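Below is one structure, written out as structure tokens, with a few remarks after it.
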Amino acid sequence: MKLPKLDIFTLSLWLITAGLFLFFLFKDKKKTLNSTKIAKGMMGGLLGDLMGILFLIGLILTFIPPETIRTFLGKSNVFLATVISALAGSVTLIPAFIAFPLVGSLVKVGASIVPAVAFLTTLTMVGFVTFPLEKKELGLKFALWRNSLSFVFALIIAFIMGVIA
Amino acid sequence: MKIFEKVKKNKLLSAVILAYGILFATMPDKALAAVNNSMYYVFEMLMIMPVIFILTSLAEAWVPKEVIINSFGEKSGFKGNIFAFLLGSFSAGPIYAAFPVCRMLLKKGAGIANIVIVLSTWAVIKVPMLANEAKFLGPKFMAMRWVLTTISIFIMAYFIAKAVKKEDMPQELETDGQAVSVNQDYCIGCGVCVNICPKIFYMEGKKAVARKEAIAGPIAEKVSKAAEACPGKAINYTL
């Protein structure tokens, strides 16, 4: 079995985070430990979906050959793939937390980053499912403007990333 | 019955388990390969999850949100924009958890541009999530997307503030007249209210619910504490 290496980036994140945690623990033990309860609750709710996605990645990588991924999400028809990815990101409501490993696995086997960026950006910024809620709380005009501008900017960000990355 | 409920709660996981079950029965070598492929990502996730977990908790506890919230009104200018940006960046929870927070900000006099900034940064730019993104897509990818998104958010805020006026927004929302209620649209099921005040709050499935009881004395204090701690600002109460 191939296992991931502990890279310098992850290691430094660990060190910084551990340092911060110890610092705040020292400052106010009760407040800091209490806050972990909130985070635990928030993440506990995600665990099922998270495991589902991680094992779905294994299925995708095993059954969909990299050439297929490259054909559909690769460099050959980037524009169409990007628009479709942006639309898919707008209508799905999964936490970005879970989407990163999925998108990362596809990029690793050859998917272009342009549709990947478009998907990740609309996934969080454009909310088709949450549109009625946004409309109720902040008004139709605001919700329309914010969501459509976010969609357009997600595409712009994605294409710029494709040029400079 | 319990199993059925569990399946209903975790549709994706159940479907994936079912797929693996069929695979192991029909082509075990492929199934094993798929498990191996997944394990790589499971370990990557395990390597980053404690970091995200701790950063999220620290942000919840130590970022002085009250101070931030009170510091951007209509005429707060660029400083207000920065505060809005920080508030969104250090908050936890999905974008819809930000809607009630935005309403509260509007009531306190925040301008439309700042509302756009809070909502968008809340959605895309969250510090613990940046760590996760860098882990799976590389620090360079994360940094570039962060810069481009930040620029876009400020441009959008400018345009939307021109296009939408405060009169276009709904004024007052109706409450259902109960002493304490949890807005089911916004509860993220973290259970913090149940921890603080189990007398009133309990979990029903993935969401918290409030018992229909009159609140008084020490309980009222706990309810207001829970409402304050609620990351989704989903608890409404009248004393």
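Shown here: chain B, whose C-alpha atoms stretch 64, 49, 33 Å along the first, second and third principal axes, sorted largest to smallest. The angle separating the long axis of helix B:127-137 from the principal Cα axis of greatest extent in chain B is about 30 degrees. Shown for chain A are the DSSP H helices of 15 Å or more along their axis, judged by Cα atoms, with a mean Kyte-Doolittle hydropathy of at least -1.0: A:8-27, A:29-44, A:47-63, A:78-91, A:96-108, A:113-125, A:140-164.
Of B:Glu221, B:Glu44, the sequence from fewest to most neighbouring Cβ atoms within 10 angstrom is B:Glu221, B:Glu44. Only helices enter this figure: runs of n ≥ 4 DSSP H residues, each worth -39500 (n - 2.57), summed and divided by the residues of chain B, yield -20500 deg cm²/dmol at 222 nm to the nearest 500. The tail of the calculated P(r) for segment B:63-168, taken as Cα-Cα distances beyond 19 Å, holds 42 percent of the pairs.
Per-residue mean of foreign Cβ neighbours for A:66-76 is 0 (Cβ atoms of other chains, 10 Å radius).
Take each residue in A:156-163, count the other chain C-beta atoms within 10 Å of its C-beta, and the mean is 3.
Of the trypsin sites (Lys or Arg not before Pro) in segment B:1-89, the ones in a loop by DSSP (not H, G, I, E or B) with at most 13 other beta carbons within 10 Å are B:Lys75. Exposure proxy ranking for A:Phe151, A:Phe119, A:Phe159, based on other Cβ atoms within 10 angstrom of each Cβ and starting from the fewest, stands as A:Phe159, A:Phe151, A:Phe119. Among the chymotrypsin sites (Phe, Trp or Tyr not before Pro) in segment B:13-94, none sits in a DSSP loop with a Cβ that has at most 16 other Cβ atoms within 10 Å. For segment B:209-215, the Karplus equation 6.51 cos²θ - 1.76 cosθ + 1.60, evaluated at θ = phi - 60°, returns couplings of 10, 9, 6, 7, 9, 6, 10 Hz by residue, with Gly and Pro reported as x. For the residue pairs A:Lys108/B:Lys140; B:Lys2/B:Lys212; B:Lys65/B:Lys225, the alpha carbons lie more than 18 Å apart in B:Lys2/B:Lys212. To the nearest ten degrees, helix B:28-62 and the longest principal axis of the Cα atoms of chain B are 20 degrees apart.
A simple spin-label model places pseudo-atoms 7 Å from Cα toward Cβ; at A:Asp7 and B:Ile155 they are separated by 2.9 nm. Each residue of segment B:156-166 was assigned a 3J(HN,Hα) from its phi angle through the Karplus curve 6.51 cos²θ - 1.76 cosθ + 1.60 (θ = phi - 60°); the sequence is 4, 4, 4, 5, 5, 5, 6, 7, 10, 10, 4 Hz, with glycine and proline shown as x. Summarised as an ellipsoid, segment A:47-164 has semi-axes of 27, 19, 10 Å, derived from the eigenvalues of the Cα gyration tensor scaled by 5 and square-rooted, with the largest first.
Shown here is the pair-distance distribution of the protein assembly as shown: with all Cα-Cα distances grouped in 20 Å bins from zero up to the longest one, the shares run 25, 58, 17, 0 percent.
Among A:Met161, B:Met49, sorting on how many other beta-carbon atoms sit within 10 Å of each Cβ, with the fewest leading, yields B:Met49, A:Met161.
The distance from the alpha carbon centre of segment A:143-163 to that of segment B:1-72 is 28 Å, rounded to a whole number. Less than 15 Å Cβ to Cβ from A:Leu102, Lys/Arg counted +1 and Asp/Glu -1: what total charge do the surrounding residues give? Around A:Leu102, the surrounding residues sum to -1.
Quick check: the angle from helix B:98-107's long axis to the longest principal axis of chain B, C-alpha only, nearest 10 degrees? That works out to roughly 10 degrees.
Considering every pair of different Cα atoms, what Kirkwood radius, in Å, is found for segment B:1-115?
Numbers: mean 1/r = 0.0548 Å⁻¹.
Radius from the Kirkwood sum: 18.2 Å.
A short reminder: the numbers here are calculations on the coordinates, not readings from a lab. The structure presented is a predicted model; accordingly, all values stated were derived computationally and were not measured. Cβ sites come from the backbone with ideal geometry, for glycine too, and all protein chains shown count toward neighbours.
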